[in-house]
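Read the structure below first, then the notes.
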Amino acid sequence: MFWAGPTDFLFEEGHSKKAEEIAQFFLGGSVKDIPEIYQEASPINYLQPDSPPVYLVHANKDSLVPYAQSEKFYTKGKTIGAQVDLLTVQNADHGFPSSKIIPITPNPFVIIEMCLQFFAEHL
């Protein structure tokens, strides 16, 4: 289960300044200074056809970790034959805060239910 997390630290499309600062803090420097560490920290580099099942949950309007991160991981997984599923949360930002005007879809209760179903099937 992977909730809105970065899957490829070298994939720079749509990264915010805040995301870069967080990565630098946890990884010990910038991607320009230590690209090998960023590569080693990227889950996408460890995805194999026989990897355990992965369930990605990501908001399509995530301003911290771009939704494209999960799309890229999902696409690679499907391409190599890994068991990967992607639940896209519509109209939501990182952490899924919802707007009072436009509700997120699926709603939080359905998201939790789908995650519990994944665990029930794979644990």
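At a glance:
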| quantity | calculated |
| --- | --- |
| Number of positions in region 1-43 that are outside any loop (DSSP other than H, G, I, E, B), of a type in the set (A, V, I, L, M, F, W, C) and farther than 23 Å from GLU121 by Cα | 7 |
| Condition check for LYS61: basic (Lys, Arg), within 18 Å of GLY5 (Cβ to Cβ) and in a helix (DSSP H, G or I) | no |
| Any pair with Cβ under 9 angstrom, 6 or more apart, that starts in region 109-123 at a residue that is modelled with pLDDT of 95 or more and ends at one that is loosely packed, with under 10 Cβ neighbours inside 10 Å | HIS122/PRO52 |
| Candidate set from region 83-109 (those that are hydrophobic (A, V, I, L, M, F, W, C) and surrounded by 13 or more Cβ atoms within 10 Å (Cβ to Cβ)); member that is farthest from ALA68 (Cα to Cα) | ILE104 |
| Criterion violated by LEU56 - all others in (1) assigned to a loop (DSSP other than H, G, I, E, B); (2) touching a helix residue (DSSP H, G or I) at 6+ places or on another chain (Cβ under 6 Å) satisfied | (1) |
| Considering residues of region 50-68 that are in contact with a strand residue (DSSP E or B) (Cβ under 6 Å, 6 or more places away or on another chain) and either among the small types (Gly, Ala, Ser) or free of Cβ contacts under 8 Å to residues at least 60 places away in the same chain (or both) only, the residue surrounded by the fewest Cβ atoms within 10 Å (Cβ to Cβ) | ASN60 |
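The values are calculated or read from the model by the stated rules, or taken from the named source; none is laboratory data. Just so it is clear, the structure is predicted and the values come from calculations on it, not from any experiment. Cβ coordinates were reconstructed from backbone atoms using ideal geometry, including for glycine residues, and neighbour counts include every protein chain displayed.
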